[in-house]
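The values are calculated or read from the model by the stated rules, or taken from the named source; none is laboratory data. No experiment lies behind these values; they were computed from the predicted model shown. Cβ: placed from backbone, ideal geometry, glycine included. Neighbour counts: every protein chain shown. For accessibility, only protein heavy atoms count, side chains too; no ligands or nucleic acids. Shrake-Rupley method; radii C 1.70, N 1.55, O 1.52, S 1.80 Å.
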Amino acid sequence: WMLAADVVPMDQWQVTLTFEREQVPVNGLPPAFKEVQVTSSSKRIFEGYFQNYFSVGMDAAVTYGVEQSRKTLCGRLCFLLGLGKACYGIQAYRTGACLCCCAPRLSLRRNELQVRESRASAAACPGGPLETREVAPLRQLTVLNINSYAAGRVVLPPSELARTSPSDGKLELVGMKSACQFGCDEPTGFTVEDLASGWDDVAPQLEEFANQMREAVNEPHEGKRRNESTWKITKIHWERSRYVYELFYKKKAISRELYDHLLMEKHGDASLIAKWKKPGFEYLCSLMAIDKRNSHFSTTAICRVPLHLRKSGAAQPSVTTGCISCSSQESGRLGGPIWWDSPRPADLVGWAKAGCPTAEKPGKKRKVEEEGEDAELEARAKALKRGVNPDERSAEVDALMATAAALRGSGAKGGQLKVHGGDDDDDVEEQGPQPTGAIDDDDGDITGDEKD
């Protein structure tokens, strides 16, 4: 029983077989092939599609024999009784194992294959150009779109297996010299690259990231806190995704096809890269830093708080990611997040308040924000100017600016606005309208909503 499985996209490949009219197999072709009508009378063309593999030779002969046996009473009975593998074993004589070196080989002209190196060249010139590959005398030739076949047998070497995927736009060609080689899982394999140009340039670095990640996962955890054991994994994950991001968006060194392929193969975190394209998240260390579900108070990680807004003292890394700061200004000056093991100034908070100076750039001056009630009033006035119909609100803006100026002037003189502290309501009515301000009651309340 299968409870869950991951969705894996697969490439679909088209196969075209061309025969002279007198060379069409007597027993016909598999049902997957359909004849294409052409104007030429000397050729017969058949087209088909496959997702897993397409094979010519020994295993194709065995599969053909099993398919023919299914049509007989004995063959149907074998499969009904669950003896299908026994039927395959009986048909194994078709591999020619008993004939040893006298078994017939594939009729490859001069033992050569002609292949195209890229999908772009095939689309631009369907009839060529082709590259010639020399191969040894073979008895089976299999074109693979998956990393295993024949009941899960892995036929690729370990170096190629890690790079193989059913959606990588690439076919693997595997050749077999004899039935004994087929049984020993020792194929003579070679690869036909069909990736977009640029893969060979990025493959070594991606392999290095894979080795670093493998070492980080297998690193012993003795002497570390529980969350600290994943810090290095998070850092390598960021560096690998940043490498892919800068290749495509900054350096323009790879194509869109290769970029999509790298994301599909999990060489880069697509969700994290999407965040980097938003203002304020240009150097986000991890999606865990902004996931409020990971915190007891529904807040982001401490590394998202700019250093100049923190208290003086030692800046501690985030418990979940190991990042000290990934805010845009500090990270931009150092080229990335400040990790727990990154070289950094001794006093990070003081360095951030000084404008994050570096050897190449001086410290950036920060805008001093005014505090107090007058600053709040001026902010409201600016917001009204930027709002809808600012001309109609000019009177309100002028009133706010005048009040802010009065507060600023009175604060500079060290005094306070004079307000009426009347004992009864009659005095207020006799003096007429009063200036805006607070009313000081006997009980110290300044809300002005109480009456004696």
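Is there a pair in K170/K266; K235/K266; K71/K177; K250/K353; K43/K170; K232/K361 whose C-alpha atoms are over 27 Å apart, and which pairs would that be?
On the way: K170/K266 17 Å; K235/K266 16 Å; K71/K177 31 Å; K250/K353 29 Å; K43/K170 29 Å; K232/K361 29 Å.
Those over the limit are K71/K177; K250/K353; K43/K170; K232/K361.
Using +1 at the C-beta of Lys and Arg and -1 at the C-beta of Asp and Glu, which of G268, F248, N227 has the Cα lying farthest in the positive direction of the dipole of the range 187-277?
The Cα lying farthest towards the positive end belongs to N227.
Might you report the magnitude of the Cβ-based charge dipole of the range 187-277 about its Cα centre, with Lys and Arg at +1 and Asp and Glu at -1, to the nearest 20 debye? Intermediate results must be reported in sequence, preceding the final value.
Details: 15 positive and 16 negative charges, 141 e Å.
In total the dipole reaches around 680 debye.
Net charge within 15 Å of F248 by Cβ-Cβ distance, Lys/Arg positive one each and Asp/Glu negative one each, not counting F248 itself? Don't skip to the answer; put the middle values down first.
On the way: positive: R240, R242, K250, K251, K252, R256, K277; negative: D201, E246, E257, D260, E265, D269.
Spelling it out: positives minus negatives among the neighbours equals +1.
Ranked from the most accessible area to the least, with a 1.4 Å probe and all protein chains present, what is the order of F50, F297, F79? Mind dumping the intermediate values first?
Working: F50 20, F297 175, F79 60 Å².
The ranking, largest first, comes out as F297, F79, F50.
Would you mind pulling out the separation of the Cα centroids of the range 211-256 and the range 293-309, in Å?
22 Å
The range 209-245: which GluC sites (Glu not before Pro) are DSSP loop and have at most 13 other beta-carbon atoms within 10 angstrom? Let's see the in-between values first.
On the way: sites: E215, E222, E228, E239; in loops: E222.
Sparse-neighbourhood loop GluC sites (Glu not before Pro): E222.
Would you list V56, V7, V202 from the most to the least accessible area, probe 1.4 Å?
On the way: V56 70, V7 145, V202 5 Å².
Ranking V56, V7, V202 by accessible area, largest first, yields V7, V56, V202.
Sort all Cα-Cα distances of the range 283-356 into consecutive 10 angstrom bins from zero, then give the percent of pairs in each bin up to the one containing the longest distance.
P(r) over the range 283-356, rounded to whole percents: 22, 56, 21, 1.
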